[in-house]
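*Asks:* Below are the structure tokens for one structure; questions will follow.
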Amino acid sequence: MSRSVRPSPLLLQQFAETLPDAYRASFSWPTIREHTALSTSREPGKPAVGPCSAPRLPGTALCVIADDRPGLLATISATFVKENLDIIAAEAYTRILPNHQREALDIFWVQRLGAEDPRRPLTSGDFKRLEQTLASMLDDQLQPLSRVSTSPPPRVAAEANVRFVEDKDGQLSWLEVETDDRAGLLLTLSRVLFEQRVQIVSSHVRTEAGRVKDKFAITELNDDPISNERRMQVQVAVLSAIQRIMGG
């Protein structure tokens, strides 16, 4: 877990330029330096997990960097569930590397589940365990939920809104989801999108007053926009998954 790499100003600038404008607008240069060091120091083919200086939201902020692949967000979410961490908010970005491969850079704000002090910061040991668990789950290539035991949720009535919103150039389809909050909800949403064989290009997850407001920029696996016919399929699948986790 040693992250001793200190990127040069040129490497820092090059790293930032491989990420979208929204990323550069959201994080300070000292935080971008942390992300650059984490990316540069990670073992090829393996994920890296480290702290992130982003106190603008509650909880402990951490950064996960890994080779992008279908279902990655679901596997990361499953790792948090397995390690008894609840996701308060999340932002996901994708870097296009010079060799045209994709690297995912995801920021999560988390708190401990079932702890006396849920907001107690994570330790270096927690980060190391998260990294090891995530690496193991990615190596096993198991379905994310198959390694996570969850108790049946109580039966509740959940109001859920799921809709598609176009971006300006029509290349990305933003899927907006608003519903009641529940531990493991991001795992459920990211897994159903994986099962629908769509690619999450970026995402923004927020929890406010017991309601989640999630946005996913998605494309087909070949980078094509989601067609109107496919949008209906995805919406129905997401709504059905929300009802299942809410006990409806």
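The values are calculated or read from the model by the stated rules, or taken from the named source; none is laboratory data. Computed from a predicted structure; not experimentally measured. Here the Cβ is made from the backbone with ideal geometry for all residues, glycine too, and neighbour counts use every protein chain on show.
*Asks:* Quick check on this structure: which one of 37, 25 is under 20 Å from residue 202 (Cα atoms) and either without any contact (Cβ under 8 Å) to a residue 60 or more places away in the chain or in contact with an Asp or Glu (Cβ under 6 Å, 6 or more places away or on another chain) (or both)?
*Replies:* Selected residue: 25, the only one of 37, 25 that is under 20 Å from residue 202 (Cα atoms) and either without any contact (Cβ under 8 Å) to a residue 60 or more places away in the chain or in contact with an Asp or Glu (Cβ under 6 Å, 6 or more places away or on another chain) (or both).
*Asks:* Separate question: Inspect segment 215-232 for any residue being within 13 Å of residue 179 (Cα to Cα), touching a residue at least 12 places away in the same chain (Cβ under 8 Å) and part of a strand (DSSP E or B) and give the result as yes or no.
*Replies:* yes
*Asks:* Only one residue in 177, 165 is modelled with pLDDT under 90, in contact with a Leu (Cβ under 9 Å, 6 or more places away or on another chain) and either part of a strand (DSSP E or B) or more than 21 Å from residue 203 (Cα to Cα) (or both). Which one?
*Replies:* 165
*Asks:* Something else about it: Identify, by number, the condition in (1) among the hydrophobic types (A, V, I, L, M, F, W, C); (2) more than 19 Å from the chain's Cα centre (by Cα); (3) under 20 Å from residue 71 (Cβ atoms) that residue 246 doesn't meet.
*Replies:* Here residue 246 meets the rest and fails (3).
*Asks:* In segment 7-30, how many residues are assigned to a helix (DSSP H, G or I), surrounded by fewer than 18 Cβ atoms within 10 Å (Cβ to Cβ) and within 20 Å of the chain's Cα centre (by Cα)?
*Replies:* 6
*Asks:* Still on this structure, I have one more. Give me the residue from segment 69-85 that is buried (at least 21 other Cβ atoms within 10 Å of the Cβ) and in contact with a strand residue (DSSP E or B) (Cβ under 8 Å, 6 or more places away or on another chain) and, out of that set, farthest from residue 190 (Cα to Cα).
*Replies:* 85
*Asks:* Is it true that some residue in segment 68-77 is of a type in the set (Asp, Glu), part of a strand (DSSP E or B) and not assigned by TED's automatic domain parsing to the domain that holds residue 202?
*Replies:* No, because not a single residue in segment 68-77 is of a type in the set (Asp, Glu), part of a strand (DSSP E or B) and not assigned by TED's automatic domain parsing to the domain that holds residue 202.
*Asks:* Collect the residues in segment 183-214 that are among the charged types (D, E, K, R), buried (at least 20 other Cβ atoms within 10 Å of the Cβ) and either outside the structural domain of residue 233 (by TED's automatic domain parsing) or touching a residue at least 60 places away in the same chain (Cβ under 8 Å) (or both), keeping them in residue-number order.
*Replies:* Once the filter is applied, which keeps residues that are among the charged types (D, E, K, R), buried (at least 20 other Cβ atoms within 10 Å of the Cβ) and either outside the structural domain of residue 233 (by TED's automatic domain parsing) or touching a residue at least 60 places away in the same chain (Cβ under 8 Å) (or both), segment 183-214 yields only 191.
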